[in-house]
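The values are calculated or read from the model by the stated rules, or taken from the named source; none is laboratory data. Computed from a prediction, not measured in an experiment: that's the story for all the values here. As a convention, Cβ positions derive from the backbone with ideal geometry for all residues, glycine included, and neighbour counts pool all protein chains shown. Just the protein is used for accessible areas: all its heavy atoms, side chains included, with ligands, DNA and RNA removed. Shrake-Rupley method; radii C 1.70, N 1.55, O 1.52, S 1.80 Å.
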Amino acid sequence: AQSVTQLGSHVSVSEGALVLLRCNYSSSVPPYLFWYVQYPNQGLQLLLKYTSAATLVKGINGFEAEFKKSETSFHLTKPSAHMSDAAEYFCAAALTGAGSYQLTFGKGTKLSVIP
Amino acid sequence: GAVVSQHPSRVICKSGTSVKIECRSLDFQATTMFWYRQFPKQSLMLMATSNEGSKATYEQGVEKDKFLINHASLTLSTLTVTSAHPEDSSFYICSARSGARSGANVLTFGAGSRLTVL
């Protein structure tokens, strides 16, 4: 069984400040890892994904995440927050291997950006 | 890129009626689609896996007679909430696997359907 834990249900940062959203996973095998963003009353948009290639993954909108196996973490960062980054962010994991499309989601972290 | 369309985006119905939500993959074929339910301020809960041409696979605790899923074609899956009650009010989101070439298990999500049962 696998699980995804997002530390902090709500994170507030000032505009221009560093964004750090934490995600830890638990899995019996190395998983694929994803970060999604959700704006109010909308579906999820993929920010970036880790699929056992480079451990530092760059995504859209200036976000990046680093896979650290020793820490079982996949934290999401952005050097400088923008007002448009305010949204709900979900970390998700999928077991590796063919046919493993089912995602396990963390509970989400709401990011607020203070002007 | 891959697009998944969900319809309707919002629906309000009376208790006891049935509501159908459609999920379409617009520019790719999806043999597998997933249906999630999201409660306010909570994460997505996988309800079922919809397989084209076969019965859906439901997660534990999800009533298959309450949430009917039909995946009649490679581009369309439907979720019907039967005899809806206020506790069924929620945000329902579908997703479909895209990016088959990369094998990266990337899911494309629909925009969601907010169901309110009065």
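Tabulated results
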{"quantity": "Residue match in the range A:84-107 (condition: over 24 Å from residue B:94 (Cα atoms), out of contact with any strand residue (DSSP E or B) (no Cβ under 6 Å at 6 or more places or on another chain) and not basic (Lys, Arg))", "calculated": "yes"}
{"quantity": "Answer from B:106, B:19, B:11 - the residue that is surrounded by 13 or more Cβ atoms within 10 Å (Cβ to Cβ) and within 11 Å of chain A (Cβ to nearest Cβ)", "calculated": "B:106"}
{"quantity": "Some residue of the range A:50-62 being more than 8 Å from every other protein chain (Cβ to nearest Cβ), over 12 Å from the mean Cα position of the chain (by Cα), at pLDDT 90 or above and in a strand (DSSP E or B)", "calculated": "yes"}
{"quantity": "Residue list for the range B:44-89, restricted to those being crowded, with 20+ Cβ neighbours inside 10 Å and either over 23 Å from residue A:41 (Cα atoms) or of a type in the set (Ser, Thr, Tyr) (or both)", "calculated": "B:50, B:56, B:71, B:77"}
{"quantity": "The one condition in (1) open to solvent by 40 Å² or more (accessible area, probe 1.4 Å); (2) of a type outside the set (Lys, Arg); (3) at the interface with another protein chain (Cβ under 10 Å from one of its Cβ atoms) that residue B:29 fails to fulfil", "calculated": "(3)"}
{"quantity": "Only one of A:42, A:38 that is without any contact (Cβ under 8 Å) to a residue 12 or more places away in the chain and within 14 Å of another protein chain (Cβ to nearest Cβ)", "calculated": "A:42"}
{"quantity": "Criterion (open to solvent by 60 Å² or more (accessible area, probe 1.4 Å), in contact with a strand residue (DSSP E or B) (Cβ under 9 Å, 6 or more places away or on another chain) and within 27 Å of residue B:8 (Cβ to Cβ)) met by exactly one of A:58, A:110, A:68", "calculated": "A:110"}
